[in-house]
Amino acid sequence: MSLEYDRLADMKRYAVKIFEECVKSVSPRTIVKNTVRFDSKKLYVDDGSSSSTYTVPGDVYAIGFGKAVLDMALELENVLGDRLKEVAVSVPFGTRRLPSSLDKKSRVCVMEAARNNVPDRQSVENTDRIAGTVSRLSVGDLLVVLISGGGSALLCSPTVPLGDKILATKLLSSAGASIEQLNVVRKALSRVKGGRLIGLVREECTVVSLILSDVVGDPLTAIASGPTVPNDDPDRLPVEIVDGFGLRNAMPETVVDALLRNVSFTGSAARFDRVHNHVIGNNAIALRAGVQYAGRHFEAVLLTTSLRGDVALVSAFYSDLVAYVCDLYAGGGATDVNRKDQLKTASSSVVGGGGVDVEHLTKCVVEASTKGHGLCLLSGGEPTVVVRGSGLGGRNQELALRVALDLTRLQDDLLCRFDVLFFSGGTDGMDGPTDACGAFGYPALVDVALSRGLDASRFVDNNDSYGFYSSLDLGRDVGDLLKIGHTGTNVMDVHVLIIKPK
């Protein structure tokens, strides 16, 4: 057992290192430094897919909102120097303590808000301060808007009482609404989201948005609820989403009235012609860095950047994936066609674009089996949790625990030949309203917990994954709950699955 624990501990350390490489690759300062250049008259932006040049006859102002925008602002200040006249950013509580701490001479005004990623009175006050910065632009000035995940809670100017908007969001989130659905409703209840922020900018000013995406597929209308793009949502869509979850009667009356009166903001074509949005960082960049690192020691495979859907379905997909990989590896390239079809079906239900590329995966597994190498499979996205219990947790911790439970249901004679470890973590360092970023799941976890009187399935039923992992604390050097604090970035979640022969 000691030897098996040592192997598991080594795998955990390696998975954490992969995760750290993923997070480091989307460091906001690195991303901005590699993307933005300035030569006193022109601003150059190369977002990887296109290069753009913007003439700057006047002053440059910057605003920002999100978990990653402080470091983005600090690097932008390095790039622009004295041409940057004023900067105001709204960031989560605790961000000031990050290593990037402000220089005394910095022009960046840092305002904290949104504890536990929930908008609050500070969010509203910060947004008023940001609006004040925007109002000071003159003809010919340039506004740089820094946007990252978490922006929806940090840029908040509701058209209904703040408490009513928070309740509406909580009801939808607990019912399993996707981030896109949440943002459709948020836009309908805001004075600044859904393109309305641009309504505050003088039409003669150019706007350049630098965006770190935390949404599957990088849709501009969904990231931070799309404050700088026209809102093409049908006017009735927000209330239809509420009705689709059967929540109209549970919603505050002010919210229902606002949704029924909703008119999406599209603005004039001339206004948005002067707005230029650049996605400069996303989940794909992070995962590619993880694959590059893992490729030194494993057959590394990037499965997908678009995992979504209920964590129960995502966990079932991973269970089918482990079964397929182990069976294929053990069989030297031969496997049950039914198992392959099952994996295709499971992946199509949680992966955009029709599922993972099973044929490519098969080639990689056969290659690893031939060489006797282990496999490291990386995925990214943002699953959802339907909250039915009263426990504490987050989607990453619940997913890891569900994967552990699902793995115990696989054939013992199949799994006993392999070491299997799954990790799920949020790149922002925070998973739900907890101080953990994610957790590990592996076949022995459930039995170890039972030996200590902990029934994992009961904790899952109560949405209490954090309670489970905290109660299970084994006092080991590498625990099952990962706590790293705010990372200063946010590009959704990273999943690391390591499978290697014993």
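Annotations
- Considering segment 387-460, the qualifying helices (runs of 4 or more DSSP H), each wholly inside and each with 2 or more residues that are crowded, with 23+ Cβ neighbours inside 10 Å and among the small types (G, A, S), run over 395-407.
- Going through (1) open to solvent by less than 40 Å² (accessible area, probe 1.4 Å); (2) within 24 Å of the chain's Cα centre (by Cα); (3) among the aromatic types (F, W, Y) one by one, F93 falls short only on (1).
- Counted residues, segment 311-333 - those being modelled with pLDDT under 95 and either among the polar types (S, T, N, Q) or over 19 Å from C416 (Cβ atoms) (or both): 1
- Criterion violated by G488 - all others in (1) out of contact with any strand residue (DSSP E or B) (no Cβ under 8 Å at 6 or more places or on another chain); (2) open to solvent by 10 Å² or more (accessible area, probe 1.4 Å); (3) of a type outside the set (D, E) satisfied: (2)
- Those helices (runs of 4 or more DSSP H) of segment 208-316 in which at least 1 residues are open to solvent by less than 10 Å² (accessible area, probe 1.4 Å) and in contact with a Gly (Cβ under 8 Å, 6 or more places away or on another chain), considering only elements entirely within it, cover 283-294.
- Applying the condition of being farther than 20 Å from S306 by Cα and aromatic (F, W, Y) to segment 317-360 and asking which residue is least open to solvent (accessible area, probe 1.4 Å) yields Y324.
- Residue within segment 181-198 that is more than 30 Å from N463 (Cα to Cα), charged (D, E, K, R) and assigned to a helix (DSSP H, G or I) present: yes
- Residues (under 24 Å from G309 (Cβ atoms) and either surrounded by fewer than 16 Cβ atoms within 10 Å (Cβ to Cβ) or under 24 Å from the mean Cα position of the chain (by Cα) (or both)) located in segment 365-381: C376, L377, L378, S379, G380, G381
- Residue, farthest from I166 (Cα to Cα), within segment 118-154, restricted to residues that are open to solvent by 10 Å² or more (accessible area, probe 1.4 Å) and of a type in the set (V, I, T): V139
- Those residues of segment 125-182 which are charged (D, E, K, R), within 24 Å of the chain's Cα centre (by Cα) and closer than 30 Å to E75 by Cα, in sequence order: E180
- First in segment 163-176 and farther than 13 Å from V387 by Cβ, second anywhere and surrounded by fewer than 17 Cβ atoms within 10 Å (Cβ to Cβ) and among the β-branched types (V, I, T), Cβ under 8 Å, 6 or more apart: I166/V118
- So Y61, is it more than 25 Å from the chain's Cα centre (by Cα) and either in a helix (DSSP H, G or I) or closer than 30 Å to A289 by Cα (or both): no
The values are calculated or read from the model by the stated rules, or taken from the named source; none is laboratory data. Since this is a predicted model, take the numbers as computed values, not measurements. Here Cβ is always computed from backbone atoms with ideal geometry, including for glycine, and neighbour counts include all displayed protein chains. In case anyone asks, the SASA skips ligands and DNA or RNA and just uses the protein heavy atoms, side chains included. Shrake-Rupley method; radii C 1.70, N 1.55, O 1.52, S 1.80 Å.
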